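Asks: Please see the structure below; I have some questions.
Each value in this text was obtained by applying a stated rule to the coordinates, not by laboratory testing. These numbers were taken from a predicted model, which means no experiment stands behind them. Cβ sites come from the backbone with ideal geometry, for glycine too, and all protein chains shown count toward neighbours.
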């Protein structure tokens, strides 16, 4: 094997492993990033152990032991992060056990590099060393100033978080400095034998260290500049560096007992080494690992291939038994800033699909509903892509989209292409338009704004400081709250409008994720502090409108003492959010500030609601919010019953929707909703197609009655509470 063959093999292995992450669905990237990281790091650590055991040159033993310890600690850190993310679905605390393991590995590997540097016979010139040190020092100073600007160092937790955050780039700087000067020094080495056995292995390892430095620095640069859509690239770099180190170790193992007298004897020795059982075992192990990745990747493509594209081209499929399958779409936030709600909605709709088709079968109806799913990714652009795919698949009635921003992005397309949207969770008043193709089985936010304004006023709040996400949901809800609250004689101050970050953060990035919010929370703290100079804090409230970013906001608010002095209020998007109560710091802060969130009222004790809850718990491996999944369940039933009226009373060919007048279908849908009584009660729609009955509960975080170490969501039956079935 020539060095070129080794490098090609490494590149190929990296391409195979990283393709798992690149080509996986967005909602699965986090899982497969953890999978690839753990596989690659375990392979690298295992090879390092083997090299250390079989090493005959005792002069290398000390350095090899440091490599083993460092790689094992890295592998352990990856396991800890995978436990938090994949098993517990939690944000790892900062600092966490994973941070301790990873930083310990950094320090040990730096010592290993120092040992190698001392053994170099041709060291770099002082001029070259100084130039590299200067460049790295400038980079480190930039990261340090950027991190300090975002950090809070007035509390112990803030100081620890800042220390952990800055230690990473500091260690990265030392690691990259040592790697570069050793690489430069290796070029000066003249002995061919050492080049074969030692230098190529070291080159792979050192380049691998530079790759992880780039991957870790990618976290800081990309996130702190808010280009978080490209975060997944860092996972590719982190997984690649383990393969590079493993490749170097394989080269070292193969050539450890070979000399290099001439080219012919070299290849003969390589050929003979392949015959040795222990070498074959190593090669087989690596090939098996790559094969496992390949098989997993193939399974991924089969199981996660776009389910829309697998649907038949026929808009209505009639099988040999006369069963007619009509497609209905779903656009939900399966990934992105409201994936916690979007995933639950999908599960509830899939449950409704099963129940509806069982209902049709039991009554000998020829109709069946086939669900086609699109992911809005809580992003307007992706929402457009989702509706275009569903339109191309022949769908003319869609459950969703789930969020108002997504609905805003696709509503014109729906109107122009004769597609009916029935959203169970979009609430922006800006979308209350008569005679369009949008129905919403939830009241618009004028009702919620009125309710929360009354709640705050009754609590003695006279001044409100809002902090909200900058989209149609946040903007309209804050605008309506301000109008209602100021009509009562209160004051709504200029608050903090933020641009929500998209994408999921990995545990290894939480040190960056948390401090990102300090730029907004510092501004909020300053506004509040100025207000308390003239106003009693007991009369001031903070109004937070957010999606899943509510959890890091609440966690990081612990570092701003002034924010703990007033009551906080939220919206329906943060009510029942399970990430809040599963994170101790977020739950503790939410309880301390009596975080009160209004949510449309449904009957959660209904037997069907309990079945939906069990289905969600089974598929999401834990409890989740129920209100919007229940509304989505009812939405699917109304849609299916509306289609049944058309199928039973009309003769048509396979082009079902082409023979259906959309305006007639809208009227049928409206009438069906009025006569339907589901888990969420009666559905009365106004001229804009929005639900009119608007009862709300107030949900807040409290310690569990059974276990005071844990937190739960509890609701207060107050305000305009009533039984939705009355």
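Asks: Quote to one decimal, in nm, the extra length available between residue 413 and residue 682 on full extension: 0.36 nm per residue of separation minus the C-alpha distance between them.
Replies: Additional length available on full extension: 93.9 nm.
Asks: Can you give the FRET efficiency for residue 614 and residue 359, using 1/(1 + (r/R0)^6), R0 = 25 Å, r = Cβ-Cβ distance, to the nearest 0.05?
Replies: Efficiency, rounded to the nearest 0.05: 0.80.
Asks: Taking only the C-alpha atoms, wrap a convex hull around segment 591-649 and report its volume per residue in Å³ as a whole number. List each step's numbers first, then the result.
Replies: On the way: hull volume 6.7 nm³, N = 59.
Cα-based convex hull of segment 591-649, divided per residue, equals 114 Å³.
Asks: Please give the peptides 681-690, 698-707, 556-565, 398-407 ranked by average Cβ packing (other Cβ atoms within 10 Å per residue), highest first, as a rough proxy for protection.
Replies: Values: 681-690: 18.0, 698-707: 15.2, 556-565: 19.6, 398-407: 29.7.
The densest-packed peptide leads the list: 398-407, 556-565, 681-690, 698-707.
Asks: What's the FRET efficiency of residue 523 with residue 144 using the Cβ-Cβ distance as r and R₀ = 22 Å, to the nearest 0.05?
Replies: Details: r = 22 Å, r/R0 = 1.01.
Step by step, r from the Cβ atoms, then E = 0.50.
Asks: Separate question: In nanometres, what is the gap between the two model label sites at residue 565 and residue 388, each 7 Å from Cα along Cα-to-Cβ?
Replies: 5.2
Asks: Set the Förster distance to 25 Å, then compute FRET efficiency between residue 592 and residue 487 from the Cβ-Cβ distance, nearest 0.05.
Replies: 0.25
Asks: Which whole-number percent of Cα pairs in segment 51-188 have a distance greater than 22 Å? Walk me through the intermediate numbers first.
Replies: Values: 4977 of 9453 pairs.
The share of Cα pairs beyond 22 Å in segment 51-188 comes to 53 percent.
Asks: For the pair residue 645 and residue 155, how long in nm is the line joining their label points, each one 7 Å along Cα→Cβ?
Replies: The answer from the label model is 5.5 nm.
Asks: Sticking with this structure for a sec: At q = 0.12, 0.14, 0.23, 0.26 Å⁻¹, what log₁₀ I(q)/I(0) does a Debye calculation on the Cα points of segment 400-468 give, no solvent, two decimals?
Replies: So the normalised log intensities are -0.41, -0.51, -0.94, -1.11.
Asks: Please give, to one decimal in nm, the separation of the simple spin-label points placed at residue 114 and residue 12, each 7 Å out from Cα toward the Cβ.
Replies: 4.0
Asks: Beyond 20 Å, what share of the Cα-Cα pairs of segment 334-398 is found? Please give it as a whole percent.
Replies: 40
Asks: Taking N as the number of residues in segment 523-600, what is its Cα Rg relative to 2.2 N^0.38 Å? Intermediate values should be presented prior to the final figure.
Replies: Details: Rg = 12.2 Å, N = 78, 2.2 N^0.38 = 11.5 Å.
Scaled against compact globular proteins, the figure is 1.06.
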